[in-house]
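Read-outs throughout are calculated quantities, based only on the coordinates presented, and are distinct from any laboratory measurement. Bear in mind the structure is a predicted one, so any value in this text is a computation, not a measurement. Using ideal geometry, Cβ is built from the backbone for each residue, glycine included, and neighbour counts are taken over all protein chains shown.
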Amino acid sequence: MSPAVGLCATCQYVREVRSDRGSVFYRCALSAQDPVYPKYPRLPVLRCPGWTPPAPAQEPVTPS
Ligand code: SF4
């Protein structure tokens, strides 16, 4: 993801949406829960109280 996106580039709530023409848009999934957040934030996002780092990958469960 381009650094020009700003904070959204590293947020777990961002969803990359590609149009039929190949344009890429960044949708904020948090907007569905809280209307304070715009569905398509104006980029680059430099400050956002909703920024959340990606959830860590789950460790595979190994049988003992
Ligand atoms: S919560 Fe903020 S940083 Fe995260 S995707 Fe939405 S606008 Fe971007």
inquiry  = From the phi angles alone, apply the Karplus equation (6.51, -1.76, 1.60; θ = phi - 60°) to segment 34-46 and give each ³J(HN,Hα) in whole Hz, x where the residue is Gly or Pro.
reply    = 9, x, 4, 8, x, 4, 10, x, 6, 9, x, 7, 9
request  = Would you mind checking which residues have amide H under 5 Å from V45's amide H? H placed 1.01 Å from N; only 5 or more apart, or other chain.
outcome  = G6, L7, C8
task = For the chain, set up a Gaussian network in which alpha carbons nearer than 10 Å are linked by springs, and say which option among Y13, Y37, Y26 fluctuates the most.
result = Y37
remark   = For segment 1-49, averaging the sequence separation of alpha carbon pairs under 8 Å that lie six or more residues apart and dividing by its residue count, the contact order in percent is 36 percent
ask   = Roughly what percent of Cα-Cα pairs across the chain reach past 14 Å?
value = 61 percent
query = With Cβ to Cβ distances under 13 Å as the rule, what net charge do the other residues near R15 carry (K, R +1; D, E -1)?
reply = +2
